[in-house]
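Following: one structure in structure tokens, then a few remarks.
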Amino acid sequence: MTDNTDSTDNIAKDPLVVVGAGVMGTAIAALAVGHGHPVRLIDHSPEACATAPERIGLHLRTARMMGALPAGVSPGELTTAGTPGAAAGAAAVIEAVTEDPKEKAAVLAELAAAVRPGTLLVSNTSGVPIEEMADAVPHPGDLVGVHFMNPAYLIRTVEVILGPRSGAGAATAVRELLAGLGREGIVVGDGPGFVTSRLLHRMLNDAIEVVREGRAGPETVDALMRHCIGHRTGPLATADLIGLDNLADSLRVLHERTGDAAFRPSELLLDKVRRGELGRKSGRGFYEYEEITP
């Protein structure tokens with residue numbers, strides 16, 4: 001990793017901006033706060049901004065209980081804001097809005113207009129190609145992709161995506177940012193789904209189809225995959241953790257960009273999304289949950 005004292009100092013004193021106060025945005029914000037970084041969380045929803053500190057506090061308590069945060073580090077300051085203009089002065093910006101390519105591109109354009117040229121712009125995405133969003137920003141070299149796994153404050157490995165126009169400075173900056181968050185970044189090439197989603201989402205969609213066809217229930221599918229294949233949680237429980245709406249959006253991106261019918265979202269998945277059964281975050285998906293994951 002290239003030594004860059006100025007960049008490190010800026011990350012320490014200037015806020016890390018996270019855009020999107022949903023499941024991933026609050027988890028990433030909690031990770032940064034727990035490592036002592038000041039965080040400015042931006043969301044257009046006043047309700048989301050109002051509830052975010054409590055949800056992030058819950059993430060922090062869980063992370064501490066699991067031993068996932070560095071000992072002896074005072075939490076960073078958390079502030080919230082409602083407009084992209086609040087990103088001005090950021091050390092780096094992580095966009096973590098819903099997996100909608102047009103929305104992501106629009107948000108990145110607004111953020112790029114608010115920050116200094118050369119500020120690291122990060123799109124947290126599970127499958128939208130970085131090159132696809134690069135035209136939305138005036139300096140494509142500042143843009144890279146990351147794919148934090150859920151929950152971001154517990155899983156230590158992060159997929160890093162460098163697009164064709166991502167600059168060397170941005171590549172260095174994202175590695176430094178992740179190191180400051182106690183994360184290992186593994187760099188992969190750009191393209192729909194990158195590596196993890198390209199492989200995982202096909203399996204999740206197939207598992208949902210098995211359930212739709214009535215060949216086995218969620219518990220049976222997950223038990224077989226856990227005990228016979230060694231999958232840690234099982235595909236249906238994993239889908240619930242990701243969020244069934246997020247999974248459906250990611251599958252649409254993969255299907256539209258690859259033409260592979262295996263990525264066409266299962267009708268059972270779409271039915272559950274239409275009914276508001278989104279997984280852990282709604283309290284019901286393929287399983288029911290007493291506690292809703294914020």
From the list THR220, THR238, exactly one residue is of a type in the set (S, T, N, Q), surrounded by fewer than 16 Cβ atoms within 10 Å (Cβ to Cβ) and on the phi < 0 side of the Ramachandran plot. Which is it?
THR220
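May I ask you to verify whether VAL187 is at pLDDT 95 or above, of a type outside the set (Gly, Ala, Ser), closer than 30 Å to GLY34 by Cα and surrounded by fewer than 20 Cβ atoms within 10 Å (Cβ to Cβ)? Lay out the reasoning, then the answer.
Working: at pLDDT 95 or above: yes; of a type outside the set (Gly, Ala, Ser): yes; closer than 30 Å to GLY34 by Cα: yes; surrounded by fewer than 20 Cβ atoms within 10 Å (Cβ to Cβ): yes.
Yes: the conditions hold for VAL187.
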Is there any pair with a first residue in the range 64-88 that is among the hydroxyl-bearing types (Ser, Thr, Tyr) and a second that is part of a loop (DSSP other than H, G, I, E, B) and open to solvent by less than 50 Å² (accessible area, probe 1.4 Å) whose Cβ atoms are under 7 Å apart and which are 6 or more apart or on different chains, and what are they?
SER74/GLY36
Only one of these is hydroxyl-bearing (Ser, Thr, Tyr), open to solvent by less than 60 Å² (accessible area, probe 1.4 Å) and out of contact with any strand residue (DSSP E or B) (no Cβ under 9 Å at 6 or more places or on another chain): THR119, THR125, THR172. Name it.
THR172
Any residue in the range 155-174 that is over 21 Å from ASP135 (Cα atoms) and in a helix (DSSP H, G or I) sitting within a Cβ distance under 9 Å of a residue that is open to solvent by 10 Å² or more (accessible area, probe 1.4 Å) and of a type outside the set (A, V, I, L, M)? List the pairs, counting only those 6 or more apart or interchain.
THR172/THR2; THR172/ASN4; THR172/SER7
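I need the full set of residues from the range 241-268 which are assigned to a loop (DSSP other than H, G, I, E, B) and open to solvent by less than 10 Å² (accessible area, probe 1.4 Å), in order please.
Selection gives GLY243, SER266.
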Determine, yes or no, whether ASP271 is closer than 30 Å to ALA91 by Cβ and either within 23 Å of the chain's Cα centre (by Cα) or open to solvent by 20 Å² or more (accessible area, probe 1.4 Å) (or both).
no
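Do the conditions hold for GLY141, that is, is it of a type outside the set (D, E, K, R), in contact with a Lys or Arg (Cβ under 9 Å, 6 or more places away or on another chain) and within 20 Å of VAL158 (Cβ to Cβ)? Reasoning before the result, please.
Details: of a type outside the set (D, E, K, R): yes; in contact with a Lys or Arg (Cβ under 9 Å, 6 or more places away or on another chain): yes; within 20 Å of VAL158 (Cβ to Cβ): no.
It is false that GLY141 is of a type outside the set (D, E, K, R), in contact with a Lys or Arg (Cβ under 9 Å, 6 or more places away or on another chain) and within 20 Å of VAL158 (Cβ to Cβ).
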Here are some residues: ALA179, ALA71, ALA105. Which one is out of contact with any Pro (no Cβ under 6 Å at 6 or more places or on another chain), surrounded by fewer than 20 Cβ atoms within 10 Å (Cβ to Cβ) and outside any helix (DSSP H, G or I)?
ALA71
Would you mention how many residues in the range 220-244 are touching a helix residue (DSSP H, G or I) at 6+ places or on another chain (Cβ under 9 Å) and touching a residue at least 60 places away in the same chain (Cβ under 8 Å)?
2
Does any residue of the range 184-191 turn out to be under 23 Å from VAL18 (Cα atoms) and either assigned to a helix (DSSP H, G or I) or touching a residue at least 60 places away in the same chain (Cβ under 8 Å) (or both)?
yes
If I filter the range 74-102 down to residues being of a type in the set (A, V, I, L, M) and assigned to a loop (DSSP other than H, G, I, E, B), which single residue comes out as surrounded by the fewest Cβ atoms within 10 Å (Cβ to Cβ)?
ALA88
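Look through the range 30-50, keep the residues that are assigned to a helix (DSSP H, G or I) and in contact (Cβ under 8 Å) with a residue 60 or more places away in the chain, and return whichever of them is nearest to LEU69 (Cα to Cα).
Quick first cut of the range 30-50, residues assigned to a helix (DSSP H, G or I) only: 30-34, 46-50.
Now narrow it down to the ones that are in contact (Cβ under 8 Å) with a residue 60 or more places away in the chain: 30-32, 34.
Details: ALA30: 10, LEU31: 8, ALA32: 10, GLY34: 6 Å.
Out of the qualifying residues, it is GLY34.
Can you tell me which residue is nearest to ARG284 (Cα to Cα) among those in the range 194-217 that are assigned to a helix (DSSP H, G or I) and open to solvent by 90 Å² or more (accessible area, probe 1.4 Å)?
Residues of the range 194-217 assigned to a helix (DSSP H, G or I): 196-212.
Imposing the further condition that a residue be open to solvent by 90 Å² or more (accessible area, probe 1.4 Å) reduces the set to 198-199, 212.
Numbers: ARG198: 26, LEU199: 25, ARG212: 17 Å.
Taking the candidates together, the pick is ARG212.
The values are calculated or read from the model by the stated rules, or taken from the named source; none is laboratory data. This is a predicted model, so every value here is computed, not measured. Note that each Cβ is placed from the backbone with ideal geometry, even for glycine, and that neighbours are counted across all protein chains shown. Protein only, heavy atoms only, side chains kept; ligands, DNA and RNA dropped before computing areas. Shrake-Rupley method; radii C 1.70, N 1.55, O 1.52, S 1.80 Å.
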